[in-house]
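Please read the structure below before turning to the comments.
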Amino acid sequence: MSIFSFWKKEEDLFDENITIEETRFVVLDTETTGFDYDNDRILCIGALVLQNSVISVQNSFEVYLQQDHYDKSTAQIHGILKDFIIKRPSELEALQQFLDFVGDSVIIAHHTIFDVTMINKALERNNLPQLTNPRLDTAHLYKKTLIKSHLFERKDHYTLDDLADKFDISKKDRHTALGDAYITAIAFLKIVKKLKDKKEINLNQLFK
Amino acid sequence: MKNTISHRVADFLKNFPPFNFLHPKDLEKLSEQISILYKDKDAVVFTENEKTHDSFYVVHKGAIALKKNQKNDTLDMCDEGDIFGLRPLLAQENYIMEARAHEESILYAIPIAVFKPYALENRNIGNFLIESYASNTRNPYSDIHKDKLYGDDIHDPLQSNSHSLDLQPIKYSKKIVTCSPSTTARDIAKLMTKKKVGAVLIVDEMLPIGIITDKDLRNKIVTGDFPILTTAETIMTKPVITYPKKMTVTEAQMAMMKSNISYLCLTKDGTKNTKAVGILSKHDVMVALGNNPAVLIKALKRAKKVKDIKPIRARIMQLLQGYLDQNIPMTLISKIITELNEACTTRVIEMSLDKMSSPPPVKFAWLALGSQGRSEQMLHTDQDNAIVYENVTDVFREETKIYFQKFASLVNKGLFEIGYDYCPAEMMASNPKWCLSLNEWKEQVHYWITNPGKNEVLLSFIFFDYNLTYGDSEIVNQLSDSIFESIKANPIFYVHLVSGALQSPSPTGFFRQFLVEQDGANKDNFDIKRRALMPLTDAARVLILSHSVKSISNTAERFEKLAELEPNNRELYLSCSYSFKALLKFRTKQGLLHNDSGQFIALESLSKMEKIKLKRTFKTIKELQELISVRFNIANVV
């Protein structure tokens, strides 16, 4: 059989019998003080669970973190003021709560690399384990739904606003962590539907 | 836990009964415990006789069809803000209907355990539910009670065609235009023009005392019998004939006939001693009586928001179904439906123009491309469109471009809202490449014709079937002339067009079996668009261009014209025209059946007869393809 193993592609992440529907996804978004992985800090983490095409409002996660670092220029985007206080846990507490919430679920975000790196940097500072969950990125998945044609120029980057416009999702809570997570979740559902229309796909194929 | 999403949910629910009766705090609490469900088109929410879920549902986006008995009879259609699946929960019995997503939908699932205490505590909610269901207990499926769950004012257009008109509650206009007895005739006329109504109610301390209609103004003021500053009191028709608001269509019709009037005033208890709640016009009765093109066009003209157009589109589809059922000739059907679809688009364009802060800086034309341009689009499909505007001097170039792009984005969004999906290849006027001045278009087309690569040919295929939807026809004429000139100067372009036209995949395989799709959601289905309709459309385009015939873009009509121009091929062309219409009808029927574009056909659902009919058209396609490949052979051109 060894001769065949040469043809074998990279190892599948999941048992092929697991469907996309039954998988527990955690869709997340963070609001940060900026884009510098080392100096900027997370102000808010919003996350929700998506399973069987259902989002339970009760079972969602929205925590504003206590931070010393603060950058006035980004406040215009996320609208989180430094003194804006609603039960604000320390970074350590918040991260611990978050790790419990995520468990071993598949993580989905828009430009996932940014949010996950931001969180991992914070975990590192607090001597907590890194996120090793499998990840999906709606920015990347969306590109897969686009038709391949020379007539049509793809953009290199599709923003969450682009997706919300294309899929007719209300942008009411844009730039709140949980609001963006919700838009991402609905966009993900619509992307999966589009991909399925093209070709029958399973969970593993989403990662390729 | 209170969070951004629960806010979002509450913000939506607060607009709809019975949630609008809830205290905002309670609504917040309720919203924290709901789940948000995503349903694909045709996904089942619950089936008939299924044990009840622990939640009932509110439609947030999309539409849910309630059906019974597998008969495919849609009993009710729930859209934004409508509740379903609640009665069985309260009655503690199994579901008696099936709920299925009519289109892609997002639902809110509200746990009954959370909701019930409010229903018991809050009298308004209790009453709402009792009123909704009490009437339903005896015969929950009777037509009279269909709308009851949503109050009296929401009327589902899908039902206006139902057979028991005499029992249907009538929809009346709740926005009553009123004025006081001392208003002058001139002000009243102004008011009526502004509000686009044909009648004004004269009220005294909220009670209706008279009515002034278009007819009163014509008979009393315009004739010169009364001066234009006469007060309402003097010229109004009185007393007002009043009726209770719960009228059926037939009752309303009878009442108007009896008193020979065109407007009824509806009051709270039906006498003129209570507040007026609505006005019912002859037009409302007409609308309720059924779908016909004239009524739909009128309804379109009256539409004030893009949102109002969507239900009208649904009724156009119904009309289409009716025509197909009655076996009316396809040529006629497609003319009427295209006309109506175009009227919808035109209305969206007009509304978008109103939304712009200034009128267009120069003349422009809105072009429908592809199947819409060919007037062959009957179902909800993708939008393909473009803008061409007058040439401007360099100084104004940027400014003009920005204006039209902004305008185009509004129109594209509006069309999306009424049911035309965005074009996946972005061939839409909001794309800067498809929103150009006349000279820019001329250059563009000239480039395609002189550099005919595969893409250029494809682009020309889509673009050359344009049709003016709105705006200035002179600009379009100039563009057409320029296209013909360029093609004449570059005959080699035909060769490319022909090879493009011959590239459509073959409909049948070696053993004359249908060739079906190999993969994807449409696996094992027959692609009627690409394999049968497109070869005909593409061939017709090449041939008609070679004859320099302007402004016929409909494929069937093109073949008829060709039959006239080339008497020796008359028979083939006529059979092409016939085949095309037959195929289009086929596609339309399939599309209506499945509420999609009808592009893919499940072969096992066809009868033997239908399959034979389909195959017969393939023979014609083959002959036509042979004809064009011989005629435009490279040897003949060079």
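The values are calculated or read from the model by the stated rules, or taken from the named source; none is laboratory data. No experiment lies behind these values; they were computed from the predicted model shown. In this analysis, Cβ positions are derived from the backbone assuming ideal geometry, glycine residues included, and neighbour counts consider all displayed protein chains. Heads up: the accessible areas ignore ligands, DNA and RNA and are worked out on the full protein's heavy atoms, side chains in. Shrake-Rupley method; radii C 1.70, N 1.55, O 1.52, S 1.80 Å.
Looking at B:Leu536, B:Leu606, B:Leu584, can you tell me which residue is in contact with a Cys (Cβ under 9 Å, 6 or more places away or on another chain) and under 24 Å from B:Ile337 (Cβ atoms)? Reasoning before the result, please.
Numbers: B:Leu606 fails: in contact with a Cys (Cβ under 9 Å, 6 or more places away or on another chain); B:Leu584 fails: in contact with a Cys (Cβ under 9 Å, 6 or more places away or on another chain).
It is B:Leu536.
Mind checking whether some residue in segment A:130-148 is in contact (Cβ under 8 Å) with a residue 24 or more places away in the chain, facing chain B (nearest Cβ under 9 Å), assigned to a helix (DSSP H, G or I) and surrounded by 16 or more Cβ atoms within 10 Å (Cβ to Cβ)?
yes
Being open to solvent by 20 Å² or more (accessible area, probe 1.4 Å) and in the same structural domain as B:Asn341 (by TED's automatic domain parsing) narrows it down to one of B:Lys282, B:Lys310, B:Lys268, so name that one.
None of the other options fit; the residue is B:Lys310.
What number goes with the only condition from (1) surrounded by fewer than 14 Cβ atoms within 10 Å (Cβ to Cβ); (2) part of a helix (DSSP H, G or I) that B:Leu340 does not pass?
It is condition (1) that B:Leu340 fails.
What are the pairs, 6+ residues apart or on separate chains, where a residue within segment A:186-206 that is at the interface with chain B (Cβ under 9 Å from one of its Cβ atoms) has its Cβ under 6 Å from a residue that is among the hydroxyl-bearing types (Ser, Thr, Tyr)?
Qualifying pairs under 6 Å: A:Leu189/B:Tyr38.
Step by step: first the residues of segment A:38-73, then only those that are assigned to a loop (DSSP other than H, G, I, E, B) and closer than 30 Å to A:Val192 by Cβ, then the one that is nearest to the other protein chains (Cβ to nearest Cβ). Which residue is that?
Step by step, filter segment A:38-73, then rank; the result is A:Ser53.
Search segment B:446-469 for residues that are within 14 Å of chain A (Cβ to nearest Cβ) and pair each with any residue that is part of a loop (DSSP other than H, G, I, E, B) when their beta-carbon atoms are under 7 Å apart and the residues are at least 6 apart or on different chains.
If the second residue must be part of a loop (DSSP other than H, G, I, E, B), the pairs left are B:Asn455/A:His150; B:Asn455/A:Leu151; B:Leu458/A:Leu151; B:Leu459/A:Leu151; B:Ile462/B:Leu369; B:Ile462/B:Asp384; B:Ile462/B:Met427; B:Phe463/B:Leu369.
Can you tell me which residue within segment A:168-185, out of those that are under 14 Å from the mean Cα position of the chain (by Cα) and β-branched (Val, Ile, Thr), is nearest to the other protein chains (Cβ to nearest Cβ)?
Only one residue tops the list, namely A:Thr176.
For A:Leu123, are the conditions met, namely being open to solvent by less than 30 Å² (accessible area, probe 1.4 Å), in contact with a helix residue (DSSP H, G or I) (Cβ under 9 Å, 6 or more places away or on another chain), outside any helix (DSSP H, G or I) and away from every other protein chain (no Cβ under 14 Å)?
When the stated conditions are applied, A:Leu123 does not pass them.
Sort out which residues of segment B:375-411 are within 12 Å of chain A (Cβ to nearest Cβ) and under 30 Å from B:Thr331 (Cβ atoms), and write them in order of number.
B:Asp382, B:Asp384
So which residues in segment B:104-130 are open to solvent by 60 Å² or more (accessible area, probe 1.4 Å) and of a type in the set (S, T, N, Q), if there are any at all?
Scanning segment B:104-130 gives B:Asn124, B:Asn127.
What's the number of the only condition in (1) at positive phi; (2) open to solvent by less than 30 Å² (accessible area, probe 1.4 Å) that B:Gln92 fails to meet?
(2)
Just for segment B:3-28: of the residues that are within 19 Å of B:Asp82 (Cβ to Cβ), within 14 Å of chain A (Cβ to nearest Cβ) and part of a helix (DSSP H, G or I), which one is most open to solvent (accessible area, probe 1.4 Å)?
Filtering first and then ranking leaves B:Asp11.
Are there any pairs, at least 6 apart or on different chains, whose C-beta atoms fall under 6 Å, with the first in segment B:224-243 and within 13 Å of B:Asp204 (Cβ to Cβ) and of a type outside the set (Gly, Ala, Ser) and the second assigned to a loop (DSSP other than H, G, I, E, B) and open to solvent by 60 Å² or more (accessible area, probe 1.4 Å), and if so, which?
From segment B:224-243, the pairs are B:Thr231/B:Ser182; B:Val240/B:Lys272.
Which condition number does B:Leu592 fail, the rest of (1) in contact with a Leu (Cβ under 8 Å, 6 or more places away or on another chain); (2) within 14 Å of chain A (Cβ to nearest Cβ) being met?
Checking B:Leu592 against (1) in contact with a Leu (Cβ under 8 Å, 6 or more places away or on another chain); (2) within 14 Å of chain A (Cβ to nearest Cβ), the one that fails is (2).
Taking B:Val411, is it open to solvent by 60 Å² or more (accessible area, probe 1.4 Å), in a helix (DSSP H, G or I), farther than 13 Å from B:Val362 by Cα and of a type outside the set (Gly, Ala, Ser)?
So B:Val411 fails the test.
For B:Ile402, state whether it is at negative phi, surrounded by fewer than 21 Cβ atoms within 10 Å (Cβ to Cβ), out of contact with any helix residue (DSSP H, G or I) (no Cβ under 8 Å at 6 or more places or on another chain) and outside any helix (DSSP H, G or I).
Working: at negative phi: yes; surrounded by fewer than 21 Cβ atoms within 10 Å (Cβ to Cβ): yes; out of contact with any helix residue (DSSP H, G or I) (no Cβ under 8 Å at 6 or more places or on another chain): yes; outside any helix (DSSP H, G or I): no.
Considered against the rule, which asks whether it is at negative phi, surrounded by fewer than 21 Cβ atoms within 10 Å (Cβ to Cβ), out of contact with any helix residue (DSSP H, G or I) (no Cβ under 8 Å at 6 or more places or on another chain) and outside any helix (DSSP H, G or I), B:Ile402 comes out as no.
Can you give me the ranges of the helices (runs of 4 or more DSSP H) entirely in segment B:541-638 with at least 2 residues that are within 28 Å of B:Leu468 (Cα to Cα) and not assigned by TED's automatic domain parsing to the domain that holds B:Asp421?
B:555-565, B:570-594
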